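Everything on this sheet refers to the single structure shown next.
What follows is calculated from the coordinates using simple rules that are stated; it is not laboratory data. Since this is a predicted model, take the numbers as computed values, not measurements. Heads up, the Cβs are rebuilt from the backbone with ideal geometry, glycines too, and the neighbour counts pull from every protein chain shown.
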């Protein structure tokens, strides 16, 4: 198993079964907060957490990407991962969530930075997308801080509890990321 190191505080490791109990505890503890933008959280069970890790392990074995635990000061605080990698077009999208007690500390920006470095410099991808609900300002700000370009809005892209929400689509190209001087991540 490998680890991506964003800095001395933030590290990413592909999910394994040993994280399941803590991941479920976090989703249960912060269910109300997380379900604001993640519709699956309201009905999420321990069995669902095992199934998600099963899916993640299979995804990695098929070389279609991976889901990683975000570790902040050695404690798991969220998840970040590539949706299915499109190898023909050398692109993927990034999804993530973070518990509220560590938000506002740059944890997600640092985690995304490590995933972008890995995607562009190790995997050789050319394009990354982030999609966020139009009113999910925190998630959108992550993309904007990292230099993603807002490319459009997909109307009524997701059913969120009792209504459809629009998604804002952000894109970033490898050459754009390579030109940034504030990249910090490295591989361990």
Q: State the volume of the convex hull built on the alpha-carbon positions of segment 87-186, expressed per residue in Å³ and rounded to an integer.
A: 111
**Q.** the chain: antiparallel DSSP beta bridges as a percent of all, rounded to 5
**A.** 90
(Q) Per DSSP helix of 4 or more residues, -39500 (n - 2.57); summed, then divided by the residues of the chain. What does that give at 222 nm, rounded to the nearest 500? (A) -8500 deg cm²/dmol
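Using alpha-carbon pairs under 8 Å, 6+ residues apart, how would you state the relative contact order of the chain in percent?
Rounded, it is 22 percent for the chain.
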(Q) Running a GNM on the chain with Cα contacts under 10 Å, which residue among 137, 70, 154 ends up with the highest mean-square fluctuation? (A) 137
Q. GNM, the chain, Cα, under 10 Å: largest mean-square fluctuation among 67, 103, 150?
A. 103
Q) Taking springs between alpha-carbon atoms closer than 10 angstrom, which of 147, 171, 104 fluctuates most in the Gaussian network model of the chain? A) 104
Q: Would you calculate the separation in nanometres between label points at residue 43 and residue 57, each defined as 7 Å from the Cα along the Cα-to-beta-carbon direction?
A: 2.5
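Hey, what's the per residue convex hull volume over the C-alpha atoms of segment 1-55, in cubic angstrom?
On the way: hull volume 5.9 nm³, N = 55.
Spelled out: Cα convex hull of segment 1-55, divided by residues, is 108 Å³.
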